[in-house]
Amino acid sequence: MELQMMDELYDKNVKCPVCSTDYSTKKVRTRALRLIKQDEDFLPYYQGENPIKYRVFVCPNCGYAAYEDKYNAISDQGKEEIKRKISSQWKKRSYGNVRSTDEAIETCKLALYEGQILEESRLYLGTVALNIAWLCRLKGDVDQEKRFLKIAKDFYEEGYYKEDLSNTSMDEIKLGYLIGELYRRLGDADNAVKWFNAVVTSHNSYSNPNIRKMAVEQWRLAKGE
Ligand SMILES: [Zn+2]
């Protein structure tokens, strides 16, 4: 089991853009991924290690933490903010080994906190918060899952109205559907129905038949609730 896990993961070498420390962090080999199922809010389940545990890179020396695709895009002003607000209090520790679910949650909480300091997009912050909610679900921690589903929903909803989604992996239809599903999971069937309706009645939804179909199914489910 342990050997198999070591084979699924590999070490990625990273240079911290804030303090220039070289370190390594684990990633799941793409070819090792076998998707078993996916929840309606897109939490993927895999046969082995779940890559959602390794999305955040954390510098062991200065505490700078972010998703891989954001990691090097930090501004000079951002670097100063991280040094002042994070590094000054950082107790040196590494998240570069196999991560327990709790450790993975810690890395995401760091990324969420630092993402707010760096004034990252609502869409990004929503995605990090949703990742925390998913990890809590894998752990069976329902209270914390709900707490972070709500945080993700709030960020996504703000992003939906205020942010440009082009050049992101999200589009208006997928995001509208996801907000509806988060409302549904939070027990707010009225708002869930409202968002699913908006997806289904949008002309744009025809270009995304999968999401459209899911919105119809979840609309029925929410109606029943
Ligand atoms: Zn660093």
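General observations
- Straightening the chain between residue 117 and residue 221 buys 33.6 nm, computed as 0.36 nm per residue apart minus the Cα-Cα spacing.
- Label-point gap, in nm, between residue 39 and residue 189 - each point 7 angstrom along Cα→Cβ: 2.0
- Over the chain, dividing the summed -39,500 (n - 2.57) contributions of all DSSP H runs of at least 4 residues by the number of residues returns a 222 nm mean residue ellipticity of -17000 deg cm²/dmol.
- Couplings 3J(HN,Hα) for region 93-98, derived from phi with the Karplus relation 6.51 cos²θ - 1.76 cosθ + 1.60 (θ = phi - 60°), are 7, 10, 10, x, 9, 4 Hz, where x marks Gly and Pro.
- Burial ranking of peptide ranges 202-208, 213-219 (average Cβ count within 10 Å, highest at the top): 213-219, 202-208
- Proxy reagent accessibility, fewest Cβ within 10 Å first, across 161, 156, 113: 161, 113, 156
- Spherically averaged projected area in nm², based on the convex hull that wraps the Cα atoms of region 70-225: 10.7
- Once the C-beta distance of residue 201 and residue 143 is scaled by a Förster radius of 35 Å, the resulting FRET efficiency is 0.50 to the nearest 0.05.
- By the beta carbon rule, with partners counted only under 4.7 Å, the chain holds these lone Cys residues: 108, 136.
- Sequence-distant aspartates and glutamates (8 or more away, or on other chains) whose Cα lies within less than 14 Å of residue 79: 114, 119, 120
- Checking the cross-link pairs 70/92; 70/162; 15/85; 26/139; 85/174 against a 27 Å limit on the alpha carbon distance flags 85/174 as lying beyond it.
- Here the Karplus curve 6.51 cos²θ - 1.76 cosθ + 1.60, taken at θ = phi - 60°, turns the phi angles of region 77-91 into couplings of 5, x, 4, 5, 4, 5, 4, 6, 9, 10, 4, 4, 10, 6, 8 Hz, with x standing for Gly and Pro.
- Mean projected area (nm²) of the alpha-carbon convex hull when region 2-165 is viewed from all directions: 10.1
FYI, it's all coordinate maths here, none of it is from the lab. The structure displayed is predicted, hence computed values, not measured ones. As a convention, Cβ positions derive from the backbone with ideal geometry for all residues, glycine included, and neighbour counts pool all protein chains shown.
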